[in-house]
């Protein structure tokens, strides 16, 4: 007699469409938070320094006058420069996080360029809270003024600004090239490239006076671009 017992059909394993798919994506939430924090810190500090210290226009005044103005309110001014340095330092983790959103030589290079850009800008900014207070004193001397001018030339103009501007612009270009199709889209990549070009103009500020204004506009656009990228990443996370 033939057996009527049928083999029990085993349920086929279905891939999880929720947790597994989401875990395979890069962590866009923390990346978005870094982007927004970087933009906010830098702009809040810059606005505060403009109000309390007339920065950066104050650098066009004689060195002794700058030191006197710094000494008159050095706790607040030094704290704002620390905040500005913290905002600049965030470019390092931002560069690492953004490089993980895709693949390719542009994104791999962007990680190194972004970390270096953060390092040189922080090095340039930290002269204010760490060194300038010792030069200012109650009555700045001619020697202190000369040391201040040297610091501004080496750490400020050469390293923090010229090299920092150039590397920030290059990092932005690399990110736009590496993430244009997968994340940014044509419009947002184009805005990033425009911001990078304006920031790069700041490297020739001593030769072209209008370069300073172009650089300022570039950083405003760049800050808005960072926030826009953060919004795009958050929207991708919820899809």
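Rule-based calculations on the coordinates, nothing more; no lab input. As the structure is a prediction and not an experimental result, all values here were calculated from the model. FYI the Cβ positions are ideal-geometry reconstructions off the backbone, even for glycines, and counts take in every protein chain you see.
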Order of 141, 172, 28 - criterion: other Cβ atoms within 10 Å of each residue's Cβ, fewest first: 141, 28, 172
Nearest-ten-degree value, helix 63-72 long axis tilted from longest Cα axis of the chain: 70 degrees
Stretchable slack from residue 109 to residue 149, in nm (0.36 nm times residue separation minus alpha-carbon distance): 11.0 nm
Residue of 166, 195, 187 that the Gaussian network model of the chain assigns the largest fluctuation, springs spanning Cα pairs under 10 Å: 187
Rg and Dmax [Cα atoms of the range 19-164; Å; Rg one decimal, Dmax integer]: 18.4, 66
Contact order normalised by residue count of the chain, Cα under 8 Å, 6+ apart, percent: 22 percent
Linear extension gain, residue 210 paired with residue 58, 0.36 nm per residue minus alpha-carbon span: 53.0 nm
Between helix 105-125 and the chain: long-axis angle, C-alpha atoms, 0 to 90°, nearest 10: 30 degrees
Anisotropy class of the range 32-87 from Cα gyration tensor, a/c 1.5 cut: prolate
Additional length obtainable on full extension of the chain from residue 72 to residue 96, 0.36 nm per residue less Cα span: 4.7 nm
Simple label model, 7 Å out from Cα along Cβ direction - residue 43 to residue 142, nm: 4.6 nm
FRET efficiency, residue 236 to residue 86 (Cβ-Cβ, R0 30 Å, nearest 0.05): 0.65
